[in-house]
Amino acid sequence: MKNRALYLVMVVILFASACYQSRHSKGGGQAGADSIRRIHAPDIILPDGYQSEAIATGLNFPTALTFDDKGNAYVIEAGYSYGEDFNTPKLLRISDGKTETIAEGEQNGPWTGIEYHEGNFYIAEGGQRNGGRILKVSPTGKISTLVERLPGQGDHHTNGPAIHNGYIYFGTGTFTNSGVVGPDNAEFGWLKRHPDLHDIPCEDIVLNGINFTTDNPLTPAEGDTAVTGAFLPFNTASQAGQVIPGRLPCSGAILRIPVNGGKPELVAWGLRNPYGLAFSPQGKLYVTENQGDDRGSRPVWGMGDVLWEINPGDWFGWPDFAEGKPIHYFKPPGKHGPSALLRDREKKVPKPAAVLAVHSSSNGIDFSTSGSFGFAGEAFIAQFGDMAAGVGKVLKPVGFKVVRVNTETGEINDFAINRGKVNGPASKRGHGGLERPVSVHFDESGQNLYIVDFGIMLMQKGETRPIRNTGVVWKISKKN
Amino acid sequence: MKLALVILAICAVSCTSRRMPADSTAVAEKASVAAGKKIYQLHCDKCHPGGEAGLGPALNNNPAPGFLKRFQVRHGLGVMPKFDKSRISPDDLDHIMAYLKARKREPKLPR
């Protein structure tokens, strides 16, 4: 009897831990993937009654799509990808499978989103080199800047836009993973360009004075260390009770400006990387948030990406809350649990509309409004897919698909996924389906859904390797 | 020795994956299964998306008996957090188990 109990405990322990701790990461971009982009729409599995086709291929890091008032489709190419690949951002018109360049930007990408509104295009420029901007582009390609010097030079960028009631809403991502500048930011590439940058709160915050000692990648000497506090430049320690003044524009926030330009106004903050913004048919603003990674000075683990309903004045808790839960829930295995960095903040934060898969990189969002397409009122979200092992370990690829979410119940269902025994990007699975869906957009009729597929991005030997000219735009429609 | 081999075989099988169709409607037919899906998505889905492997291992083809899975949920061995009765009630855990069983009966995706 005693032996049986012992064996039972052994079985439980083996099931619970051996499978995780002893296994290597198997992310979608990790070894085994090649750089060949095949296009074969039947490799995308959709609900019965739907079909897919590729309407543009060979795109260079495409990120978003929109339509003008005549129904012409336009796509933006980012001009920057993780992996420090800088090139020229472009606005392209798609016609009969071919593209025509309408406008070219500066090497300050990534262009992360676009919306057409009353005769002009509005683009969120990520700002990896010089800070984010919201751009207005005329149909002839003339570019003007509506707002500039937005946070965007760090890990995350200026995102959006979504236009509603005379305002352009956009997101500003945080500079860091979880509030502290560290060696991981040097690996991203930006810390050496901008050693003084750090996260910026939207309102005054008080620090607990927690500091982090790390290697110092900014000096050539081996063994050099740096001590860094939250919301401060690299190698700058914090003090308990230290006040960091809030200011606009801040990082990790939803901001807005009038359509014709003006000073940014705060809508909500305490977000990590608010990527996709969209208004529901009822006029509510929803935002997808990419959540924290197991990396850097203050690693976190097990944080699902989140779909939030945004109400003016909301504070969502970053860097001391995620998914509406306190930070101590997210202790990485085998490492110290993260402690709260901020003093005297609210103990309650909003509840998510939905929690999506950890490391799924849930990005672009749009709402179905058409009964004939189906799922009217539901949010469709493009999942770029994991960037393991750089963001932490996954046992199998996560994301690489489009999901639909009922924002009332939080129920999540797959909508477009790749065929195969195991999930993952097409290049890894050896077929011609989805690679890295980054945004979704319904056309004006609401009867066709367009998926912008960024293309191949490999994560090999500790490096991010995006492959140029592998992007695709897919069209999903009901079969006749 | 025999027991060790059996344990090893179970672990190996439990770490492989099994996928279901994109539009899974059959699972919603029974009330307890529909309730289980909702609770599963609240607590489990982010690490085991749709029952597949992700941050955590796949559950769709996990051959462990139900009582072991319940034990795992309650005690959170390994890297998985525990979920006590205040977070997942006994009824809700029953619903989750019903949902996982229903998922196992779903047809596989084409390879």
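The values are calculated or read from the model by the stated rules, or taken from the named source; none is laboratory data. Fair warning: this is a prediction, and the values are worked out from it, not measured in the lab. In this analysis, Cβ positions are derived from the backbone assuming ideal geometry, glycine residues included, and neighbour counts consider all displayed protein chains.
List every residue pair whose Cβ atoms sit under 8 Å apart, with the two residues 6 or more apart in sequence or on different chains, where the first one lies in the stretch A:100-113 and is free of Cβ contacts under 8 Å to residues at least 60 places away in the same chain and the second, anywhere, is in a strand (DSSP E or B) and among the polar types (S, T, N, Q).
Close Cβ pairs (under 8 Å, with a partner that is in a strand (DSSP E or B) and among the polar types (S, T, N, Q)) amount to A:Pro110/A:Thr63; A:Pro110/A:Ser81; A:Trp111/A:Thr63.
Here are some residues: A:His336, A:His328. Which one is surrounded by fewer than 17 Cβ atoms within 10 Å (Cβ to Cβ), within 13 Å of chain B (Cβ to nearest Cβ) and of a type outside the set (D, E, K, R)?
A:His328
Looking at (1) touching a Pro at 6+ places or on another chain (Cβ under 8 Å); (2) more than 12 Å from chain B (Cβ to nearest Cβ); (3) surrounded by 24 or more Cβ atoms within 10 Å (Cβ to Cβ), which one does A:Leu342 not meet, given that it meets all the others?
(3)
For the stretch A:432-455, which residues satisfy the criterion of being surrounded by fewer than 24 Cβ atoms within 10 Å (Cβ to Cβ) and touching a strand residue (DSSP E or B) at 6+ places or on another chain (Cβ under 7 Å)?
Within the stretch A:432-455, A:Phe442, A:Asp443, A:Glu444, A:Gln447, A:Asn448 meet the criteria.
Can you confirm whether the stretch B:37-47 contains a residue that is at positive phi and facing another protein chain (nearest Cβ under 10 Å)?
No, there is no match, as no residue in the stretch B:37-47 is at positive phi and facing another protein chain (nearest Cβ under 10 Å).
Go through B:Val73, B:Val79 for me and flag whichever is at pLDDT 95 or above, more than 23 Å from A:Phe400 (Cα to Cα) and within 11 Å of chain A (Cβ to nearest Cβ).
Just a single option satisfies the conditions, and that option is B:Val73.
Of the residues A:Lys421, A:Lys478, which is among the charged types (D, E, K, R) and in contact (Cβ under 8 Å) with a residue 12 or more places away in the chain?
Criteria check complete, one pass: A:Lys478.
Taking the stretch A:61-98 only, how many residues are surrounded by 21 or more Cβ atoms within 10 Å (Cβ to Cβ) and among the polar types (S, T, N, Q)?
3
Could you list, in sequence order, the residues of the stretch A:149-189 that are assigned to a strand (DSSP E or B), on the phi < 0 side of the Ramachandran plot and within 13 Å of the chain's Cα centre (by Cα)?
A:Thr158, A:Asn159, A:Gly171, A:Thr172
Run B:Met80 past the list (1) in a helix (DSSP H, G or I); (2) in contact (Cβ under 8 Å) with a residue 12 or more places away in the chain and report the number of the one that doesn't hold.
Here B:Met80 clears every test but (1).
Among the listed residues A:Trp308, A:Trp315, which satisfies the condition of being at pLDDT 95 or above and over 16 Å from the mean Cα position of the chain (by Cα)?
Just one listed residue meets the conditions, A:Trp315.
Might you check whether a residue that is more than 21 Å from A:Gln291 (Cα to Cα), outside any strand (DSSP E or B) and of a type in the set (D, E, K, R) occurs anywhere in the stretch A:263-271?
Yes, that holds for at least one residue.
Determine, yes or no, whether B:Gly56 is surrounded by 15 or more Cβ atoms within 10 Å (Cβ to Cβ), more than 14 Å from the chain's Cα centre (by Cα), part of a loop (DSSP other than H, G, I, E, B) and modelled with pLDDT of 80 or more.
In short, no.
Looking only at the stretch A:366-403, filter to residues that are part of a loop (DSSP other than H, G, I, E, B) and charged (D, E, K, R); which one of those is farthest from the other protein chains (Cβ to nearest Cβ)?
In this case the residue turns out to be A:Glu378.
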